[in-house]
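> Questions regarding the structure given below will be posed in turn.
Every number here is computed from the coordinates shown, using simple stated rules; none is lab data. Because the structure is predicted, anything quoted here is derived from the model rather than measured. Here the Cβ positions follow ideal geometry from the backbone for every residue, glycine too, while neighbour counts run over all protein chains shown.
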Amino acid sequence: MEETATQEFLHNLRTLPHSVKEACFRLGKAPESEREESQATFHNLFLHIHSVRVHLRTLSPTLTFGLGLMATASFVLTLITGVLLMVYYKPSTDLAYQSIKDIHFAVFTGRFIRNIHRWAAQFMVVVVLLHMARVFFTASYKKPREFNWLVGLGLLVITLALSFTGYLLPWDQLAYWAITIGSNIANSPRELTDAIGITKYFDPGGFQKRLLLGANYVGQDALIRFYVLHVFVLPLALVTLLGVHFWRIRKDGGLAKPEDPMGGLAEWGGERRPVFEPLATKTYGLMALVKGQRPPVNRGPENTVMSWPRLFWAELSVFMLTVATTLILAFYSDAPLKELANAAIPENPAKAPWYFLGIQELVSYSAFTGGLLIPVIVVVGLALIPFLDRRAGGEGTWFGTKSERAVFWQSFLFALAVTAGMLAFTVNYGWLRNWSPNIHQLWIIVINPGSLLVVIFAGWSILILRRKNSVRLAAVSLFTCFLVGFILLTYFATVHRGPNWHFYWWPSQWPIH
Amino acid sequence: MSRLDPPRINRRSFLSLASMGSFFAALGTAAAGMFRLPNPAVLPGPVRRFKLGPPEQFAAGSETAFAEQGLVLFRDDEGFYAISSTCTHLGCTVARSQDGFACPCHGSRFDNEGSVIGGPAPRPLPWLEVSRVANGDLVVNADSEVPEGTRYRV
Ligand code: HEM
């Protein structure tokens, strides 16, 4: 019997919840077969950046420690809380400080949201640095991942730039003086151009400072520029690069891992598993469209499992761990807000956010060398790693090649001793200017504790290159030196530098002023 | 064909290369033009000529700090002079110390004449031009530097 239109309509109405659900979730239930599990992955926009199957090594928590994902999670947190803060924040020198005060003290949940934003941002800086270290020490930058290493470096720079631009927005004393210092670091090529007397004709320093501040001083023009960078330009750039980063991970064949052995049995997790053996009489050519030394079909699929649900469980737990950590920190510890910016009286000591304090220590030797030259050398050096160390081996394994661990510890101790020695010497004896006040500035730009450290580290790495006859080991030694130097300088400037940038054993010894 | 001969290129790939090339050249020019915008043509800024009051107000041998204006005014037997209190290193405000000036941010130290005696500052603290206006008040022009040792006699 034919349905009348009314009946059809009523039927559709009755089944409305079901059909809406079906339209939104194509599978509509927890997947039960492998086929459904693969559909769950590739039918979903957010999950389909993952491959359907994932290698067991990739799932091992100690390969990545979930650091990249933690960075992503904390970025998402800053994004959400940042939009909420924008509701009240006013980027004007007259109103900015008051609006932050309102957010902190008057707006319902405002303080909590502000704290989350602050903590997530700091957490992000830490885990991005750690993530870079893990990629390095697992040799995961090697072919074909060189490009993604560069993308990652771009992400690192943007992450730091985001932190720096955000620092100005509260327009309190910390903000004002950090930006004064920062913009003068941008200006510091003048130190060099002044020293050789060409500033009149060629003044990149002045140009950079003007671009940053839009004026000769830190004021409204600077604030609005930093605001636009912080809430729009840099987040957009970061999201875009992040897209490229993830896309490349897929295209480079997932996370770096050692090749599975061909054919026969493979050891994995204490078990011996059979590995797929390609037949000599068959072609697997189509698969070669995917980048890699061999079509993936040649590798043992037996060492992979369905991404759904294990990979997503893993990712979800990292995500929740990040959120929980940040929320707890934000609940118990408030983001600082100093007095209103005062152009007449600097904070004493005026310290940058902690992750820039290593640079601030270097800057206290020479603004140009410590603030620009050395950071640029470091970034360029990091960028060159995958192009200078090209021999395959050790990918996806911590300290994967011969004597890497030994070189790491040797370099660790060496860098620790050299950096600590250099700091102790500088604190006790001063530097060129203290010994001979009339010395030409050029000497100080070229020879200072910072530049000496760079030279010594480079020399050490060349020594390793010669001795061990391995480019990878030379890279390991240099990267370790950089890491130790960075951490030690940061620690030193955080704890042992007080008013007038003098040395103190503990902040409790600072004079009252 | 020797290895030094340029590879042959057919008309189609030449034309597509040429069109791609001009596209990117145009894009580059446009981008350069866009980046010209944030470079300010005029630099807005407050006037930095400060009236400090009648000269009699300052006794010989005295020194007076003007925090807001960022300078210290001295008077000795030879006359007046003003030294900027903005550190030449990275722009923090220096404070008076026993032997001169000290910077809170990166530890630069200067003597009483503003010469560098320690720390990272690349240049001495600038001496600023002192003059008087019609009614006799002292004026310091913080944008105008004078050689060290210059005095203004009243
Ligand atoms: C905002 C900053 C960053 C985010 C959110 C991010 C995110 C991620 C994620 C989620 C992964 C997957 C594997 C993992 O978790 O380790 C990954 C892999 C990778 N990242 Fe990053 N990353 C960032 C910065 C960097 C930096 C600074 C570098 C290096 C200079 C880098 C280089 C790489 C490379 C080479 C891989 C592939 C590793 C492999 O194949 O094993 N990334 N990144």
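> Please give the Cα centre distance for the range B:23-50 versus the range A:159-235, rounded to the nearest Å.
Cα centroid of the range B:23-50 versus Cα centroid of the range A:159-235: 15 Å apart.
> While we're looking at this one, here's another question. Would you work out which of B:100, B:115, B:17 lies farthest towards the positive end of the dipole of chain B? Charges go on Cβ: Lys and Arg +1, Asp and Glu -1.
Positive-end residue among those listed: B:17.
> Continuing with this model, one more query. If you find the alpha carbon centre of the range A:370-448 and of the range B:84-104, how far apart are they in angstrom?
30
> Let's test the formula: R0 of 45 Å, r as the Cβ-Cβ distance of residue A:504 and residue A:18. What FRET efficiency results, to the nearest 0.05?
For residue A:504 and residue A:18, the calculated efficiency is 0.05.
> Students often forget the sequence filter, so: which aspartates and glutamates lie under 20 Å Cα-Cα from residue A:90 once same-chain residues fewer than 8 apart are removed?
Within reach: A:102, A:172, A:221, A:339.
> List the equivalent ellipsoid semi-axes of the range A:401-513 in whole Å, largest first, each obtained as the square root of 5λ for an eigenvalue λ of the Cα gyration tensor.
With the √(5λ) rule applied to the range A:401-513, the semi-axes are 32, 19, 9 Å.
> Between residue A:202 and residue B:113, with labels modelled 7 Å along Cα→Cβ, what's the label distance in nm to one decimal, could you check?
In this crude spin-label approximation the distance works out to 3.3 nm.
> Based on the mean of other beta carbon atoms within 10 Å per residue, what is the order of A:389-402, B:30-43, A:139-152, most packed first?
A:139-152, A:389-402, B:30-43
> Counting Lys and Arg as +1 and Asp and Glu as -1, what is the net charge of the other residues whose Cβ lies under 10 Å from the Cβ of residue A:471?
Overall, the nearby charge balance is +3.
> Could you tell me which of A:253, A:28, A:495 has its Cα farthest along the dipole of chain A towards the positive end, charges placed at Cβ (Lys, Arg +1; Asp, Glu -1), taken about the Cα centre?
It is A:253, whose Cα lies furthest towards the positive end.
> Could you pull the Cα extents of the range A:73-132 along its three principal axes, largest to smallest, in whole Å?
40, 24, 15
> Quick one: Karplus J couplings for the range A:421-438, per residue in order, coefficients 6.51, -1.76, 1.60, θ = phi - 60°, nearest Hz, x for Gly and Pro?
The phi angles translate into x, 4, 5, 4, 4, 4, 5, 7, 10, x, 9, 2, 5, 6, 8, 8, x, 8 Hz.
> Next up: Using only Cα atoms and rounding to the nearest 10 degrees, what angle (0 to 90) does helix B:11-36 make with the longest principal axis of chain B?
10
> Could you check the simple spin-label distance between residue A:79 and residue A:26, using points 7 Å along Cα→Cβ, in nm with one decimal?
Here the modelled spin labels are 2.3 nm apart.
> A follow-up question, please. Output needed: Cys residues of the protein assembly as shown lacking any neighbouring Cys C-beta below 4.7 Å, sorted by number.
A:24, A:481
> Another one. Equivalent ellipsoid semi-axes for chain A, as square roots of 5 times the alpha carbon gyration tensor eigenvalues: give them largest first, rounded to whole Å.
The three semi-axes for chain A are 47, 35, 19 Å.
> Going by average Cβ density within 10 Å per residue, which order do the peptides A:8-14, A:422-428 take, highest to lowest?
A:422-428, A:8-14
> Take peptide B:92-104, look around each residue's Cβ out to 10 angstrom, count Cβ atoms belonging to other protein chains, and average those counts.
Across the residues of B:92-104, the mean count of other-chain Cβ atoms within 10 Å is 4.
> I would also like to ask the following. Shielding of A:339-345 by partners, i.e. mean partner chain Cβ atoms within 10 Å per residue?
Neighbouring Cβ atoms belonging to other protein chains average 3 per residue here.
> Which value, in Å³ per residue, describes the convex hull spanned by the Cα atoms of chain B?
220
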